[in-house]
Amino acid sequence: MNSRAVSSGTVVATQCDYERDGRQFGYLDIPSSRNESAWGVIRFPVCVIRNGEGPTVLFTGGNHGDECEGPIALQKLARTLSPEDIRGRVIILPALNYPAVRSGTRVSPIDGVNMNRAFPGKRDGTLSQLLAHYVTTVLLPMCDVVVDLHSGGKTMQFHPFACIHKLEDEALQARSRDLLLAFGAPISLVLEEIDNGGMLDTTVEESGKLFLAAEIGGGGTATAASVAIAERGVRNVLRHLGMLPAASACPAAAASGRSILDTSAAGAYLHSNHEGLFEMLADLGQEVRAGDAVAQVHSLTEPDAEPVVYRSRHDGLVIGRHFPGLIKQGDFLALIASPLKAGSGG
Ligand code: ZN
């Protein structure tokens, strides 16, 4: 018999018992009555691994369906993390926007919703909003920490980074910073979002819980290196929280150093005002100075026209780029991070 969390009013049902020790693979079933399946549900995979008392961590991947490292690393974690080895509880949603992951698209093909703009969700909303509502009202109250693994998807690529946001609560900020460094991504970043409305990040942060995101790789695929960063990162988080023995080696954290970058500088985000062939002039991970060329756009209709050059507005490191070979007006073009200034979030 599936259990529904009646008190919170969710319509999402699961056979997983979050209080039971051991490993459980199951589903979050969301009613989806449709032409092809009158009394059907959509089944979102979930794994619960628990061993007695301790912190609870929620790991999510596939918030956007064209981002592969999270689902791959988290399914591997779900299969390989032994309940006996941990203290506390790990809840894994490898495909937060499951229909989008199945179709390899950023947003859900069922309701057209971007899951990371659907939070805190709606009890009477669309499929994605129902799932977001379940995460907010049922899972989040159980959790101490939420880690959400992203990548660039089909349209972006990143120099792999883990990130937190600037928070009002100084104590929470300090704990977030420690978690950020513990993850051990090549870059640790305080990210300024273009718009943080509707994000899982914002919902978790406003609840006073610890939140960490990562942007690893991109291009709609994964590499051996990018998956390894995600796999190391999630286990480093468990070690940092005392849920796995700290004695085990933590090479990524040691290699990444302790410096933190941020994206609060004016013009950190570059957007294209032109349509055409896209050429990077400074690759990911490259340092640039203010005024340096980052990329240029070649006209497709006027081959004799000089390309339009886009320049960095400040000194920094290229950590994000548009991925496809063609670019349009309004597309994200590049992200330039700079060293974190004192008092700005780290
Ligand atoms: Zn994403």
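The values are calculated or read from the model by the stated rules, or taken from the named source; none is laboratory data. As the structure is a computational prediction, the values presented were derived from the model and not from experiment. A quick note on method: Cβ atoms are made from the backbone with ideal geometry, for glycine too, and the neighbour counts reach across all protein chains shown. Remember, those area values only see protein heavy atoms, side chains included, never the ligands or the DNA or RNA. Shrake-Rupley method; radii C 1.70, N 1.55, O 1.52, S 1.80 Å.
A few remarks follow.
- Residue that is nearest to Leu77 (Cα to Cα), among those in the range 28-38 that are assigned to a strand (DSSP E or B) and open to solvent by 60 Å² or more (accessible area, probe 1.4 Å): Pro31
- Matching residues in the range 144-157 - criterion: being closer than 18 Å to Ile72 by Cα and either within 10 Å of the ligand (Cβ to nearest atom) or touching a helix residue (DSSP H, G or I) at 6+ places or on another chain (Cβ under 9 Å) (or both): Val146, Val147, Asp148, Leu149, His150, Ser151, Gly152, Gly153
- Residues located in the range 66-76, provided they are open to solvent by 10 Å² or more (accessible area, probe 1.4 Å) and either away from the ligand (no atom under 14 Å from the Cβ) or not in a helix (DSSP H, G or I) (or both): Asp66, Cys68, Ile72, Gln75, Lys76
Per-residue answers, yes or no, for (1) among the basic types (Lys, Arg); (2) loosely packed, with under 13 Cβ neighbours inside 10 Å; (3) out of contact with any Leu (no Cβ under 8 Å at 6 or more places or on another chain):
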| residue | (1), (2), (3) |
| --- | --- |
| Gln286 | no, no, no |
| Ala290 | no, no, yes |
| Val294 | no, no, no |
| Pro303 | no, yes, yes |
| Gly316 | no, no, no |
| Pro324 | no, no, yes |
| Leu340 | no, no, no |
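- Test: residue in the range 92-100 that is more than 16 Å from the ligand (Cβ to nearest atom), open to solvent by less than 50 Å² (accessible area, probe 1.4 Å) and either more than 16 Å from Leu210 (Cβ to Cβ) or at pLDDT 95 or above (or both): yes
- Entry remark, the range 199-225: residues being assigned to a helix (DSSP H, G or I) and open to solvent by less than 10 Å² (accessible area, probe 1.4 Å) number 3 in total.
- Residue check, Asp195 at pLDDT below 95, open to solvent by 20 Å² or more (accessible area, probe 1.4 Å) and more than 16 Å from the ligand (Cβ to nearest atom): no
Residues checked against (1) touching an Asp or Glu at 6+ places or on another chain (Cβ under 9 Å); (2) open to solvent by less than 20 Å² (accessible area, probe 1.4 Å); (3) more than 11 Å from Glu215 (Cα to Cα):
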position	(1), (2), (3)
His150	yes, yes, no
Glu170	no, no, yes
Ala174	no, no, yes
Ala182	no, yes, yes
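- Qualifying residue in the range 94-103 (condition: farther than 19 Å from Ala132 by Cβ, out of contact with any helix residue (DSSP H, G or I) (no Cβ under 8 Å at 6 or more places or on another chain) and not charged (D, E, K, R)): no
- All strands (runs of 3 or more DSSP E) inside the range 77-183 with 1 or more residues being of a type in the set (D, E, K, R): 88-93, 145-150
- Candidate set: the range 39-65, residues that are polar (S, T, N, Q) and more than 16 Å from the ligand (Cβ to nearest atom); chosen: the one surrounded by the fewest Cβ atoms within 10 Å (Cβ to Cβ): Asn51
- Where strands (runs of 3 or more DSSP E) fall entirely within the range 272-322, those with at least 2 residues that are out of contact with any Cys (no Cβ under 7 Å at 6 or more places or on another chain) and of a type in the set (Gly, Ala, Ser) are at 293-298, 316-322.
- Scanning the range 101-122 for residues that are away from the ligand (no atom under 11 Å from the Cβ) and open to solvent by less than 40 Å² (accessible area, probe 1.4 Å) returns Gly104, Ser108, Val113, Ala118, Phe119, Gly121.
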